[in-house]
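Undergrad: This is the structure I have questions about; it appears just below.
Read the figures in this text as sums done on the coordinates, not as results from a lab. From a predicted model like this one, the values you see are computed outputs, not experimental measurements. Note that each Cβ is placed from the backbone with ideal geometry, even for glycine, and that neighbours are counted across all protein chains shown.
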Amino acid sequence: MRWCGSGSVWRAGALLALLLPLWELGCWGLISASGASGTQNQAQHTAGGPGELLRRHKRSWVWNQFFVLEEYTGEEPLYVGKLHSDVDKGDGKVKYVLSGEGSTSIFTIDENTGDIHATKRLDREEQAYYTLQAQAVDRLTNIPVEPRSEFVVKVQDINDNEPKFLDGPYMAGVPEMSALGTTVVQVAATDADDPTYGNSARVVYSIISGQPYFSVDPKTGVVRTALPNMDREVKDQYVLVIQAKDMVGQMGGLSGTTSVTVTLTDVNDNPPRFSRKNYQYMVPESLPVASVVARVKALDNDIGPNAEMEYRIMEDGPGVFNITTDEDTQEGIIILQKPLDFESKNSFNLRIEATNRNIDPAFVHLGSFSDTTSVKVTVEDVNEPPVFSTQLSKMVVSEDARVGISIGRVSAHDPDSSNSAIRYSIDRNTDLERFFNVDALSGVISTAKPLDREVNSVHNLTILAMENDPTQVGKGFAVITVLDINDNPPVFAIEYETLLCENASPGQVIQTISAVDKDEPPSGHRFYFALPLSVAGNSNFTLRDNKDNTASIVTKRGGFRRREQVLYRLPVLIVDSGSPALSSTNTLSVSVCDCDSDGVAQSCGAVAYTLPAGLSTGALVAILGCIITLLVMVLLIVSMRRRKKEPLILEEERDVRENIVRYDDEGGGEEDTEAFDMVALRNLNVIRDPKVRRDVTPDTPTFFPYPRSSSSLPVYKTLPDNVVFREFIWDRLKDADVDPSAPPYDSLQTYAFEGNGSVAESLSSLESLSTDSEQNYDYLSNWGPRFKKLADLYGDGKSVNVL
């Protein structure tokens, strides 16, 4: 008994020899499970070759894999294999059952013969194998006659998928001037076919476009340079087309392509070069320091950091000029470092060198990576302002110097070749009080007013020097220091407030005084203190000079009483050490105070005596109550007046609002006889009594004069059409102007007047409101076809009431 699997692959004669081992593995021996032993049947994989099939063992299903070609395109179901059991005697009592993956949708089994077929096309790339279970059961009872056995149907691959570059297209870069065979990038293609079977997934690479510059390794897909020393400055980008073909590149294999964009990256293989060997520039000698004199640029075919360069001045320029690099444009910027002077030097010949900042040692053999050029800077003469020989002049003068005394002299000259005469003056913004003068021709500075060092000890003057051209003004500075003399006497350092306790004892120091002096002698201040002769013998106080620019006030006695004397005034004489010495007498006020036991003043000044009579507490309370009552009455009166004024204001506001007329309402149509007076529109000959407006002069001339009386008013029906409308508007305009109830401002007047030119007069039904009589419309039939509809409605001799 055996279970054999076969299919179209084994029936292909050309592949018979290749698939013979699979055939041998696809036939299985089936051993019946019957016998007295009753042991359990067991499925076991065949381990050996064909010789193993001749040896029977006591076991049930012996199975292996079935193979089915993918993408089968036949019309009939594809035969997979056959299932047979030793129990099946061919009498139809055994039924074969198939279960597992795709057992109902893809695979079917003939329950009588055990033949297995595939009913759908299989794709190995979607599912490579299917696991199924086979079982033989009794047809009548459905009781298994053999244990369930499991087998695998493996989908055999064919070459139905082309290689694909999943990471393509590729972008790569390689330095220019690279050697032959430099690796650029590695490409990789994948094939969805089975790599373990045949050559369907074995890929080889080739280059379709990009030769002779690049090559690709057929096996690894590594792209390399095929030419040495490719120059980015000639061509910086290449687009390669790489092909991957399966079946090891043989005929009939499938292929896929991808693009590889190779960019040559820059290296520093080009030196900088000046486009010109000589440059000439002209600058005025008045050019300010730190100004740009010129720009020069050396060109470099490289890019990025490889084109960065540095400039330096080699000859004739260092010290006067400097050159820096503009990092954005890589230009050399020549900057003036010192003032130019046409009279001393009118031209400079500079030698400028440009050097690459980042030199690659691998390309040093190509030559020097620097270049030089000559720059001639010519200085133009300009009319310069006068120049002071000393920009800052320092002078001193005594504060007691008489007016007109010379202090010093300033000097300036014209730097131009014309050497014009110079005139001097003082910028009065620096000498507002005009303490000094300067001689216009000689430049001698002298005093113009008495000086006071204590008011201003230093004067900073700006001296102006001018030549014939008033626009050329030179400036110099003079610092005049005023020297001190002893012209201020010493005085008290502060305003002293001296307190004297009533219980002070004789010899007690009650105050220490010091002095100040506005003068500043070179050796410092030394003050002497004393009491004037007039008070030197007083019996109350004495003075002790401490020899350190201070003095102490000492009591001569005790028993001071405020009731006797509240305040004592003590004159103090202070003398300085100047030459000549100056002195002043200062008065020290001493107040007698009541002090506690520690000598702290409690109260000073005159003693307060108790009044013999005064107001009682009740009287004070009564006065306070009266004041409060008066305040309350005043507040009530003010409040009542405000309340009386409020209604008047509100009433005035209400009157204003009631006089506002609103015109934004719409009429009710022809049936609305309440909102507007329609009679005025129907009767054009109504004569109104003219009334004089209160705000308009009646005799004010208009474009057309108003009629003076009712007898002069025109009868509209007797006038031509154009005159009818004009007279009607004039009349309404006059009525509006002379109407005292009209608003005293321009307003829009609407005149709903239709005219009298028609035979039927106005077609408006407004006219019907003035009468209740019936009207005859028979004449409408004579007006032609346009009025036929109206004639049908209102004609035929019938009278119609217009509502």
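Undergrad: Tell me, in nm to one decimal, what length is gained between residue 600 and residue 790 on full extension, where the rule is 0.36 nm per residue of separation less the Cα-Cα distance?
TA: Computed gain between residue 600 and residue 790 is 55.9 nm.
Undergrad: Let me ask you something else. Using every alpha carbon pair in segment 491-603, what percent of pairs falls into each 10 Å bin from 0 up to the bin containing the largest distance?
TA: 13, 44, 28, 12, 3, 0
Undergrad: Now for a separate question. List residues of segment 375-395, by number, whose backbone nitrogen lies under 14 Å from a label position 7 Å along Cα→C-beta of residue 420.
TA: The answer is 382-387.
Undergrad: Ok, one more. State the volume of the convex hull built on the alpha-carbon positions of segment 66-156, expressed per residue in Å³ and rounded to an integer.
TA: So the per-residue hull volume is 87 Å³.
Undergrad: Please give the contour-minus-distance gain from residue 91 to residue 536: 0.36 nm per residue of separation, less the Cα-Cα distance, rounded to one decimal in nm.
TA: Working: separation 445, 0.36 × 445 = 160.20 nm, distance 16.80 nm.
Net length gain for the segment: 143.4 nm.
Undergrad: Same structure, new question: Using a simple spin-label model with points 7 Å from Cα along the Cα→Cβ vector, what separation in nm is obtained for residue 199 and residue 166?
TA: 2.5 nm
Undergrad: Here is a further query. So, in nm, how far is label residue 782 from label residue 626 when the simple model puts each one 7 Å beyond its Cα toward the Cβ?
TA: 10.9 nm
Undergrad: Once you treat every alpha carbon in segment 387-483 as an equal point and sum by Debye, what is log10 I(q)/I(0) at q = 0.12, 0.24, 0.25 Å⁻¹?
TA: So the normalised log intensities are -0.37, -1.23, -1.32.
Undergrad: Still on this structure: Can you pull the one-decimal nm distance between simple spin-label points at residue 186 and residue 314, each 7 Å off the Cα toward Cβ?
TA: In this crude spin-label approximation the distance works out to 5.0 nm.
Undergrad: May I have the extent of the alpha carbons of segment 273-380 along their three principal axes, as whole Å values ordered from largest to smallest?
TA: Extents along the principal axes, in whole Å: 51, 23, 21.
Undergrad: Can you list the residues of segment 168-210 with backbone N under 13 Å from a point 7 Å past the Cα of residue 360, pointing along Cα to Cβ?
TA: From segment 168-210, the list is 174-179.
Undergrad: What length, rounded to one decimal in nm, is gained on full extension from residue 250 through to residue 499, with 0.36 nm per residue of separation minus their alpha-carbon distance? Could the numbers behind the result be given before it?
TA: On the way: separation 249, 0.36 × 249 = 89.64 nm, distance 12.81 nm.
Stretched fully, the residue 250-residue 499 segment lengthens by 76.8 nm.
Undergrad: Measuring from centroid to centroid over Cα atoms, what is the spacing of segment 555-588 and segment 377-416 in Å?
TA: 54 Å
Undergrad: Where the only charges are on Cβ atoms (+1 Lys, Arg; -1 Asp, Glu), what is the dipole of segment 203-242 about its Cα centre, to the nearest 20 debye? Please report the intermediate quantities before stating the final value.
TA: Values: 4 positive and 4 negative charges, 29 e Å.
In debye, rounded to 20, segment 203-242 gives about 140.
Undergrad: Let me ask something else. Mind pulling the per residue volume of the convex hull built on the Cα atoms of segment 164-265? Å³ is fine. Don't skip to the end; give the middle numbers.
TA: On the way: hull volume 8.1 nm³, N = 102.
Per-residue hull volume (Cα only) is 80 Å³.
Undergrad: Provide the FRET efficiency to the nearest 0.05 for the residue 577-residue 483 pair, computing r from the beta carbons and using R0 = 30 Å.
TA: 0.95
Undergrad: Along the charge dipole of segment 491-603, pointing to its positive end and built from +1/-1 on Cβ of Lys, Arg, Asp and Glu, which listed residue (553, 584, 537) has its Cα farthest out?
TA: About the Cα centre, the residue reaching furthest to the positive side is 537.
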